[in-house]
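Below is one structure, written out as structure tokens; comments come after it.
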Amino acid sequence: NSYTKYSNEIGLTSEGKYLNYNTDVVLDFPHKDSVLEGGMTKEEQGKKEIYYHNILAKEEIDTLLSPKILTNIIKHDENGEHKINKFTEKDNLIIKGNNLLALHTLKEKYNKKIKLIFIDPPYYFLNSRASDSFNYNSNFKLSTWLTFMKNRLEISRKLMKDDGLIFITIGDDGTAHLKLLCDDIFGIENFVSMVSWRKTDNQSNIGNIANVKDNILIYAKNQDNMKMNKRSLSEKAIKEYSYEDEKGKFRRRILLDKTRGKYNYDITTESGNILKGPWMKSKKEFEELDKQGLIYWTSGGNETPYGKKYLDVDSGQIPSDFWGHEFGTNQRGATEIENLFGKRVFDYPKPELLLKNIIQIGSNEGEIVLDFFMGSATTQAVAHKMNRQYIGIEQMDYINTVSVPRLQKVIEGEQGGIS
């Protein structure tokens, strides 16, 4: 069960040969043609993994990935815990167990029903034995991680709606390999963006370049069907609308630009000044804007005309590919957990503001949000507060001491995070 075509090399290949003279790029790695169970319940305990080859161990794979029975079902609501023997597709689900097995079990009821997936998987760290790196197999550390990710991303894609999105956080070391892997699974044409998120308030003075960001890869199930919501305007953005008239608050937009303007005509101001182009709007467009009261004239100087852009809080703005402190940091996430439990019970949890932004732009109320690397349950807590249905999967034992207790506090009305 350890058979693999490539025994010890990782690289870019095309048609079975390493890439030298061809533009078709495929990421190849040992065990790519295998399934890795990846099961453990405690971070400090490793596990001897078996790679099940897709052809040689097909029967074992079919058994491994066949739908499983969910047991010990407990319902949590405002009245406490209740033992039940069934649930509906409208219930929120928290599943303790191996996420690969759980995802293949979910396909029975949730195939093509998930609108948004957010995952914060184990990171791959180059030349590192850090406790939070993925350490299953020291001989093929990178290929083990890639196999682990490939198996889970392939089934998660099947669960996504045709207009669904997936957001994956990843450090710099694993970004290039994960990007190529996702290009292969989701299709390079369905790549949406890679966001840089400033993950820390602090900057160390160690090494050559301080690592203060993580990356967030975004893919659509089908780019043609995807519709991403605009995000709420920040307080900083709202303050930019510093002018006001009878129609409301507005900010100025440049209409006269020597480098971008292509329309040349003269404008006579009310005081008799003659302004010459180039202009960014045609004369007809300019006159129509002026007639509608959408031109703001500066007083004094050359009486320069600007366009008016009115504040529309509901319309929001499209997301950018850089998310700064306004979306929270790991330090903020840690503080949120400490405030809930009175002590630090989880390392590097994502802040609720980050998940609020992702859930807002990637889903609508009532739609299903899935996180199969649940961790401290930030995704589920925020989804609950934002009226989304959610599914969380976690195999580590802290699901019973951190994740579920956190959600119980949310049900009770805790007022931390984005509450």
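The values are calculated or read from the model by the stated rules, or taken from the named source; none is laboratory data. Because the structure is predicted, anything quoted here is derived from the model rather than measured. We place every Cβ from the backbone using ideal geometry, glycine too, and count neighbours over all the protein chains shown. Note: areas computed on protein heavy atoms with side chains; ligands, DNA, RNA excluded. Shrake-Rupley method; radii C 1.70, N 1.55, O 1.52, S 1.80 Å.
Numerical summary
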| read-out | value |
| --- | --- |
| Scan of segment 181-217 for residues that are acidic (Asp, Glu) and either under 14 Å from the mean Cα position of the chain (by Cα) or under 22 Å from Phe29 (Cα atoms) (or both), ordered by number | Asp183, Asp184, Asp214 |
| Enumerated strands (runs of 3 or more DSSP E) restricted to segment 75-124, each holding at least 2 residues that are touching a Phe, Trp or Tyr at 6+ places or on another chain (Cβ under 8 Å) | 114-119 |
| Flag if Leu217 is within 19 Å of Leu355 (Cα to Cα) and touching a residue at least 40 places away in the same chain (Cβ under 8 Å) | yes |
| Among residues of segment 55-107, those that are in contact with a helix residue (DSSP H, G or I) (Cβ under 8 Å, 6 or more places away or on another chain) and open to solvent by 40 Å² or more (accessible area, probe 1.4 Å), counted | 12 |
| Answer from Pro319, Pro305, Pro349 - the residue that is open to solvent by less than 40 Å² (accessible area, probe 1.4 Å), closer than 30 Å to Glu246 by Cα, within 16 Å of the chain's Cα centre (by Cα) and not charged (D, E, K, R) | Pro319 |
| Top-ranked residue of segment 34-57 - restricted to ones that are within 27 Å of the chain's Cα centre (by Cα) and not small (Gly, Ala, Ser), ranked as modelled with the highest pLDDT | Val35 |
| Positions within segment 140-158 being touching a helix residue (DSSP H, G or I) at 6+ places or on another chain (Cβ under 9 Å) and farther than 19 Å from Asn222 by Cα, in sequence order | Phe140, Leu142, Trp145, Leu146, Phe148, Met149, Asn151 |
| Any hit, segment 263-280, residues being without any contact (Cβ under 8 Å) to a residue 60 or more places away in the chain, closer than 30 Å to Gln331 by Cα and open to solvent by 30 Å² or more (accessible area, probe 1.4 Å) | no |
| Residue tally, condition open to solvent by 20 Å² or more (accessible area, probe 1.4 Å) and of a type outside the set (S, T, N, Q), over segment 360-393 | 8 |
| Wholly enclosed strands (runs of 3 or more DSSP E) of segment 290-397 bearing at least 1 residues closer than 24 Å to Arg231 by Cα | 305-310, 368-371, 389-394 |
| Of all residues in segment 19-33 being over 20 Å from Thr144 (Cα atoms), open to solvent by less than 100 Å² (accessible area, probe 1.4 Å) and not β-branched (Val, Ile, Thr), the one that is modelled with the highest pLDDT | Asp24 |
| Residue under evaluation Gly164, criteria (1) surrounded by 19 or more Cβ atoms within 10 Å (Cβ to Cβ); (2) at pLDDT below 95, criterion not met | (2) |
| Residues (farther than 20 Å from Ile216 by Cβ and in contact (Cβ under 8 Å) with a residue 24 or more places away in the chain) located in segment 329-345 | Ile337, Asn339, Leu340, Phe341, Val345 |
| Subset of segment 202-242 (residues that are loosely packed, with under 15 Cβ neighbours inside 10 Å and of a type in the set (Ser, Thr, Tyr)) | Ser204, Ser234, Ser242 |
